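These notes concern the structure reproduced below.
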Amino acid sequence: MSAVATRAGGMTLSPIRRMAVGAPAGTVSLALGEPGWPLPDAAREALAAAAAQPGPLPYGPNGGSPELVAEVAALHHCRPEEVMVTAGSQAALFALFQAWAAPGSAVLVPDPGFVSYASLARLCGADPVPYPLAAGGDLDAAALVDALAGAPHTSMVVLNHPANPTGGMASPAALRAVAAACARAGAVLVSDEVYRELWLGRPSAGLHEAARQGAGVVLGSVSKAFGAPGLRVGWAVGPQELLAPARVVHNAMTTAAARPSQDAALALLRARELVLPAAREQVRLRWDTLARVAPRLLEVGGGRPRAGFYLWLPLPAGVAEDTEAFALRVRDESLVTTVPGTAFGERGRGHLRVSLGGAPDELSEGLARLAPWWEA
Ligand SMILES: Cc1ncc(COP(=O)(O)O)c(C=O)c1O
């Protein structure tokens, strides 16, 4: 057998999956970052209708079905030419990185931040350069602009708000400041907004609304607020010239998102006036569950965030082991998995990410198992 190509050689299983491997029987997972509420009926009906269609099931256009593209454009108040439908926002990230993260250049990624950004940069032969966030995980524009100044060959800057794993947000002013700095530096700005619709109090800011449509590429998905991660449908919205090379990569990678999934995504988007408030209610119920079952964890984790379903939990005082060892001990002694904060970057040390997204009874059980570690 020949050797693994260098670019894939350093890749390992995602830390989230790693926590699952070897978990004792009966372990409850609070690790997976996905909604555990039922797929909305609109998607079910569209999938059934797709299955009932006689005749062939063709590929469909590379850039996504025209109806879905039009609906995403309506959601984002942009033109259809500014939309690229992809196989999950993950495929949009992959395509954008391949298109714009130049080998040897820096890609600025949040720390702590979504695990994929650094791997995708490395796959392009680029260097992921972590930038710090403000307390609570909010975007700290000054820190990011500093990081940009310290990395002169930056090809791409990635933002994530509301953030995984911290639940942090970005203010319109911070987004404008970062957009202006990226424009000056000639860096492509990618704003991952896949959790945007899962706000708890008031709507979250978006890059395009805060700055302008030309400021960068915004990512969206049906995986979180639309409750349909298994469909694998997402999108990138931005200037045509930024999307054009990414479209070619996405086409080479996967031809097009699965057609029945696109039909279901279209139905979800068309039903958004029902689907999104219902999803926000599901998220609110889960934070209520946390407040009821494990109020101490809510307090230690800084209270309810302004969006999303992640609790970013500092380790209990006096814990001697490192973050990953502690997460494994909790898993093996209390039969509940979380994600060690180090999975999200060096600045995640000393934290666990607890996902509240799952099914309510599993969530209650998992939280009840977790809470005693903080009740010394
Ligand atoms: C911040 C962030 N971006 C992107 C993704 C990828 O989502 P999908 O490919 O399902 O749209 C995830 C999934 O967990 C995520 O947390």
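The values are calculated or read from the model by the stated rules, or taken from the named source; none is laboratory data. These numbers were taken from a predicted model, which means no experiment stands behind them. Here the Cβ is made from the backbone with ideal geometry for all residues, glycine too, and neighbour counts use every protein chain on show.
Take the conditions (1) in contact with a Gly (Cβ under 9 Å, 6 or more places away or on another chain); (2) surrounded by fewer than 19 Cβ atoms within 10 Å (Cβ to Cβ); Arg284 misses just one of them, which is (1). Scanning segment 226-252 for residues that are in contact (Cβ under 8 Å) with a residue 24 or more places away in the chain, more than 13 Å from the ligand (Cβ to nearest atom) and either buried (at least 23 other Cβ atoms within 10 Å of the Cβ) or not basic (Lys, Arg) (or both) gives Val237, Gly238, Pro239, Gln240, Leu242, Leu243, Pro245, Ala246, Val248, Val249, Asn251. Residues in segment 111-130 that are more than 15 Å from the ligand (Cβ to nearest atom) and either assigned to a helix (DSSP H, G or I) or outside the structural domain of Gly168 (by TED's automatic domain parsing) (or both) were compared, and the one that is surrounded by the fewest Cβ atoms within 10 Å (Cβ to Cβ) is Leu123.
For segment 171-205, filtered to residues that are within 18 Å of Met156 (Cα to Cα) and in a loop (DSSP other than H, G, I, E, B), the residue that is farthest from the ligand (Cβ to nearest atom) is Gly186.
Determine, yes or no, whether Ala257 is assigned to a helix (DSSP H, G or I), more than 15 Å from the chain's Cα centre (by Cα) and either more than 16 Å from the ligand (Cβ to nearest atom) or farther than 24 Å from Val107 by Cβ (or both). Criteria not met by Ala257. Looking across segment 300-325 at every residue that is without any contact (Cβ under 8 Å) to a residue 12 or more places away in the chain and touching a Phe, Trp or Tyr at 6+ places or on another chain (Cβ under 9 Å), the one that is surrounded by the most Cβ atoms within 10 Å (Cβ to Cβ) is identified as Val319. Just to be sure before I move on: is Gly167 in contact (Cβ under 8 Å) with a residue 24 or more places away in the chain, more than 19 Å from the chain's Cα centre (by Cα) and not in a helix (DSSP H, G or I) in the structure I sent? Taking the combined requirement at face value, the residue does not satisfy it. Only a single item in (1) more than 30 Å from Ala126 (Cβ to Cβ); (2) surrounded by fewer than 17 Cβ atoms within 10 Å (Cβ to Cβ); (3) not assigned by TED's automatic domain parsing to the domain that holds Arg232 is not met by Glu67, and it is number (3).
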